[in-house]
There are 2 protein chains.
Amino acid sequence: MSKGVNLKELSQRLNLSQTTVSRALNGYPEVSAETRRRVAEMADRLGYAPNSQARRLATGRSMAIGHVIPRSIHEMMNPIFLEFIAGAGETYSRHGYDMTLTVVDDTHEEDAYRQIASRKKADGVIIHSPANEERRHLLLRELNLPFVVHGRIPGAEAETTWVDMKNRRAFERATNLLLDLGHTRIALLNGLEHMDFAHRRRRGFEDALAARGLAPDPALMRRADMTEPYGCENAMAMLGSDNPPTAFLVSSMISAIGVARAVGQCGLKVGKDVSIITHDDALSFLPNCGEVPIFTCTRSSVRYAGEKAAELLLAMIADPTAKPSSLHMDAELIIGQSTGPAPSPGPGKAAS
Amino acid sequence: MSKGVNLKELSQRLNLSQTTVSRALNGYPEVSAETRRRVAEMADRLGYAPNSQARRLATGRSMAIGHVIPRSIHEMMNPIFLEFIAGAGETYSRHGYDMTLTVVDDTHEEDAYRQIASRKKADGVIIHSPANEERRHLLLRELNLPFVVHGRIPGAEAETTWVDMKNRRAFERATNLLLDLGHTRIALLNGLEHMDFAHRRRRGFEDALAARGLAPDPALMRRADMTEPYGCENAMAMLGSDNPPTAFLVSSMISAIGVARAVGQCGLKVGKDVSIITHDDALSFLPNCGEVPIFTCTRSSVRYAGEKAAELLLAMIADPTAKPSSLHMDAELIIGQSTGPAPSPGPGKAAS
DNA sequence: GCGGCCATCCAAACCGCTTTGGATTTCGCT
DNA sequence: AGCGAAATCCAAAGCGGTTTGGATGGCCGC
């Protein structure tokens, strides 16, 4: 635990060559057990730790994974992004990799990737929240930089490695649940639909309606950044209209909380007068659990997705020739307190 | 924009030495204008970019700032942390620094710092959310690793560089506002008080009460992770008690939303029957603005704090001999829709 | 005409590690 | 004994930059 010796000093103290010491520490076989022991002991007596820059230079691997976040992402995806990062970070550190974040404004995103590639700042990157017409994967391919996608790139599913949940399926099931409860006027508060995930969710919603011969009502569909006020304002407007929805399908817990606030402000009860189903990314600061969760939801842990995406990326780096393999996760459909049978339509309904 | 040449190849193509090329590119004076031009031109024709590992090794500076997040932090501070990071990240990239995150479980936090120091992974670090009895700064001092604190370390204010808001003052003012509105039963939903910021906030609350000769009621004080359910459940319990509060002072928007939900569920109106003041970290996904913000709040941008903390750290690295200099920011007190005069006490009050 | 001073440029050392290509010793086996 | 294989270990060559300590040549002043 002293100041910090380097390999040279360490090897001198041991009367061994740098080669042998290096090999002993890195677990190569051509060194005797006894020597290895001596080396290990001296190494930690002197508090030796290899300089990572030197090691990286020598091995040609930067032992880091890059995440570039354009401002547009982190404006809205904030909490989800961090949760993903937290999951990925664990995997990285377990494998001795570092994680570097680059915050850039949207116009410099491409530059950021080029820099990572040309200056060898990372061995691979993660693509976050792919859009409908995505181009980053083409650039990365050209730069020869391994990557995995959190989400899917439409049209490139087969040739890329990705981790995603079944967005369409989840919202289809959620919609069916509402339909089964008798709701027919269902509002959709979606995320920005130029993002792939939101696009798929809408399809799930529409498919479920169509399967029962219902057409979606454009007046009940919104798309935007998934903030709390977004949920509240739109729900308020819809509930105030003359043909209000009896149920909401919401793309994020945060907006769902806003919807719940609106419902309360209208003097209605969530789960009784108005049903809400939300997607739940299992964010740690927005727990939706307990005996009966507050919100009925489709749940899929973003954190877990981060862990898995990281594993796939590291595997890809370790063996660049391997075929792309992806992870397609089902969301859980969890019944909470926010759903109930559709209220009977007739006005002036009697009690009980 | 070709594959990627290195300095050697570049210098050969130019019939110059590596020395000269390196100097030309790094802006040293001992190279003629003409040569510099030629070098620059060829460099970008061949798409030359210096290998960062090599440069780091040669210069001995890692050009990176480390952030280590123990699991305990990111469980609860999630969104705030990311917002800070986003601010800091901008500063870093503007100065050519990288940002590396290390996610560790609490027991390995110290190891993480030791590794950063001994393997030279970063030139400095940021200490996040200091506790009441904090020890990280001692370790970092011992490791000789420059750092700045986001928040303050009690007892070490003078000898460390930090960026913090005036927590005590903010909550004192907020409490005074409520008192001025006639509220006397004010509940405090605080963050975990083993953290310095929460501790200060409570003092602000208590000081304001004391100044008017009021004693805080322990039944109206809570401390915990600032989740949404935390706000809701506790507000619910307090509002259901036989001597309920008429106002809430909350440490985080997220919990405040929970409080608002509870108020609604009790059939009461926020800003009329019950007042709420929250601290607002100006998180981008929880906007609390508009003509009249939803919540009356004390606001201080965490993002800005991140930018500033990063600047201080980089300055400190550039000149290690400089005296510690800190940034102590005032929070804005912003009147929103969630506060109003205390309702008249008498039960069975007549209308209007 | 000559020493001195800039202005330019370069060869080589160095940063701290990994890895190649032997050298040396030991040992089993015929 | 003799020999090849196996076990250990090492000197030195990278990795791709930066930086030190000169070289070289032109120009000025005396």
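The values are calculated or read from the model by the stated rules, or taken from the named source; none is laboratory data. On a predicted model such as this, the values are computed, not experimentally measured, just so you know. Please note: Cβ atoms are built from the backbone with ideal geometry, for glycine as well, and neighbour counts cover all protein chains shown. Side chains included, ligands, DNA and RNA excluded: accessible areas come from the protein's heavy atoms. Shrake-Rupley method; radii C 1.70, N 1.55, O 1.52, S 1.80 Å.
Among the numbered conditions (1) within 15 Å of DNA strand C (Cβ to nearest atom); (2) among the basic types (Lys, Arg); (3) open to solvent by less than 60 Å² (accessible area, probe 1.4 Å), tell me where A:Arg71 comes up short.
For A:Arg71, the exception is condition (1).
Kindly indicate whether any position in the range B:18-27 is within 34 Å of the chain's Cα centre (by Cα), more than 9 Å from every other protein chain (Cβ to nearest Cβ), aliphatic (A, V, I, L, M) and outside any loop (DSSP other than H, G, I, E, B). Working first, answer last.
Narrowing the range B:18-27 to residues within 34 Å of the chain's Cα centre (by Cα): none.
Checking the range B:18-27: not a single residue is within 34 Å of the chain's Cα centre (by Cα), more than 9 Å from every other protein chain (Cβ to nearest Cβ), aliphatic (A, V, I, L, M) and outside any loop (DSSP other than H, G, I, E, B).
Output the qualifying pairs, or none if there are none: Cβ atoms under 7 angstrom, residues six or more apart or on different chains, first residue in the range B:15-34 and under 15 Å from B:Arg55 (Cβ atoms), second residue open to solvent by 50 Å² or more (accessible area, probe 1.4 Å).
From the range B:15-34, the pairs are B:Gln18/B:Lys8; B:Arg23/B:Glu30.
Looking only at the range A:44-68, which residues are within 13 Å of DNA strand C (Cβ to nearest atom) and basic (Lys, Arg)?
Correct list: A:Arg55, A:Arg56, A:Arg61.
Matching residues to (1) in the same structural domain as A:Asn243 (by TED's automatic domain parsing); (2) within 17 Å of A:Gly271 (Cβ to Cβ); (3) buried (at least 18 other Cβ atoms within 10 Å of the Cβ); (4) modelled with pLDDT of 95 or more:
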residue: A:Val292; (1), (2), (3), (4): yes, yes, no, no
residue: A:Thr296; (1), (2), (3), (4): yes, yes, yes, yes
residue: A:Glu307; (1), (2), (3), (4): no, no, yes, yes
residue: A:Glu311; (1), (2), (3), (4): no, no, yes, yes
residue: A:Ala315; (1), (2), (3), (4): no, no, no, yes
residue: A:Ala322; (1), (2), (3), (4): no, no, no, no
residue: A:Ile334; (1), (2), (3), (4): no, yes, no, yes
residue: A:Pro341; (1), (2), (3), (4): no, yes, no, yes
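How about the range B:224-314: which strands (runs of 3 or more DSSP E) wholly inside it have at least 3 residues that are within 12 Å of chain A (Cβ to nearest Cβ) and in contact with a strand residue (DSSP E or B) (Cβ under 6 Å, 6 or more places away or on another chain)?
none
Give the range B:28-49 a look and list any residue that's assigned to a loop (DSSP other than H, G, I, E, B), open to solvent by less than 70 Å² (accessible area, probe 1.4 Å) and either more than 14 Å from chain A (Cβ to nearest Cβ) or among the charged types (D, E, K, R) (or both), or say none.
To start, the set of residues in the range B:28-49 that are assigned to a loop (DSSP other than H, G, I, E, B) comprises B:28-32, B:47-49.
In the following step, the residues that additionally are open to solvent by less than 70 Å² (accessible area, probe 1.4 Å) were identified as B:31-32, B:47-49.
Those that are assigned to a loop (DSSP other than H, G, I, E, B), open to solvent by less than 70 Å² (accessible area, probe 1.4 Å) and either more than 14 Å from chain A (Cβ to nearest Cβ) or among the charged types (D, E, K, R) (or both): B:Val31, B:Ser32.
For the range B:50-130, give me every one of the strands (runs of 3 or more DSSP E) that falls completely inside it and has 3 or more residues that are more than 9 Å from chain A (Cβ to nearest Cβ).
B:64-70, B:124-128
Here is a list: A:Arg173, A:Arg169, A:Arg152, A:Arg114. Which entry is at pLDDT 95 or above, under 26 Å from B:Asn6 (Cα atoms) and basic (Lys, Arg)?
A:Arg114
Being open to solvent by less than 30 Å² (accessible area, probe 1.4 Å) and among the charged types (D, E, K, R) is the requirement here; does A:Glu206 meet it?
It is false that A:Glu206 is open to solvent by less than 30 Å² (accessible area, probe 1.4 Å) and among the charged types (D, E, K, R).
Limited to the range A:28-83, what total is found for residues that are under 34 Å from the mean Cα position of the chain (by Cα) and either of a type outside the set (A, V, I, L, M) or at negative phi (or both)?
Matching residues across the range A:28-83 total 34.
Of all residues in the range A:79-109, which are hydrophobic (A, V, I, L, M, F, W, C) and touching a Gly at 6+ places or on another chain (Cβ under 8 Å)?
Step one: filter the range A:79-109 for residues hydrophobic (A, V, I, L, M, F, W, C), giving A:80-82, A:84-86, A:88, A:99, A:101, A:103-104.
The answer is A:Phe84, A:Ile85, A:Ala86, A:Ala88, A:Met99, A:Leu101, A:Val103.
Could you please find all residues in the range B:139-149 being assigned to a helix (DSSP H, G or I) and open to solvent by 100 Å² or more (accessible area, probe 1.4 Å)?
B:Arg141, B:Glu142
Okay, residues lined up against (1) closer than 21 Å to B:Met226 by Cβ; (2) open to solvent by less than 50 Å² (accessible area, probe 1.4 Å):
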{"position": "B:Thr161", "(1), (2)": "no, yes"}
{"position": "B:Asn167", "(1), (2)": "yes, yes"}
{"position": "B:Leu179", "(1), (2)": "no, yes"}
{"position": "B:Thr184", "(1), (2)": "no, no"}
{"position": "B:Ala187", "(1), (2)": "yes, yes"}
{"position": "B:Met195", "(1), (2)": "yes, yes"}
{"position": "B:Arg200", "(1), (2)": "yes, yes"}
{"position": "B:Ala211", "(1), (2)": "no, no"}
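Could you list, in sequence order, the residues of the range B:1-39 that are of a type in the set (A, V, I, L, M), closer than 24 Å to A:Glu142 by Cβ and more than 7 Å from DNA strand D (Cβ to nearest atom)?
Just the residues of the range B:1-39 that are of a type in the set (A, V, I, L, M), to begin with: B:1, B:5, B:7, B:10, B:14, B:16, B:21, B:24-25, B:31, B:33, B:39.
Then keep just the ones that are closer than 24 Å to A:Glu142 by Cβ; that gives B:1, B:5, B:7, B:10.
Hits for the range B:1-39 are B:Met1, B:Val5, B:Leu10.
Being open to solvent by less than 40 Å² (accessible area, probe 1.4 Å) and over 20 Å from B:Ala282 (Cβ atoms) is the filter here, so list the residues in the range B:126-138 that pass it.
Across the range B:126-138, the qualifying residues are B:Ile127, B:Pro130, B:Ala131, B:Glu134, B:Arg136, B:His137.
Can we say B:Pro218 is farther than 22 Å from B:Phe81 by Cα and open to solvent by 50 Å² or more (accessible area, probe 1.4 Å)?
When the stated conditions are applied, B:Pro218 passes them.
Restricting to the range A:1-15, and then to whatever is more than 11 Å from DNA strand C (Cβ to nearest atom) and of a type in the set (A, V, I, L, M, F, W, C), can you tell me which residue is nearest to the other protein chains (Cβ to nearest Cβ)?
Out of the qualifying residues, it is A:Met1.
Please verify whether the range A:76-94 includes one or more residues that are more than 30 Å from A:Met226 (Cα to Cα), modelled with pLDDT of 90 or more and within 14 Å of DNA strand C (Cβ to nearest atom).
No - not one qualifying residue is present in the range A:76-94.
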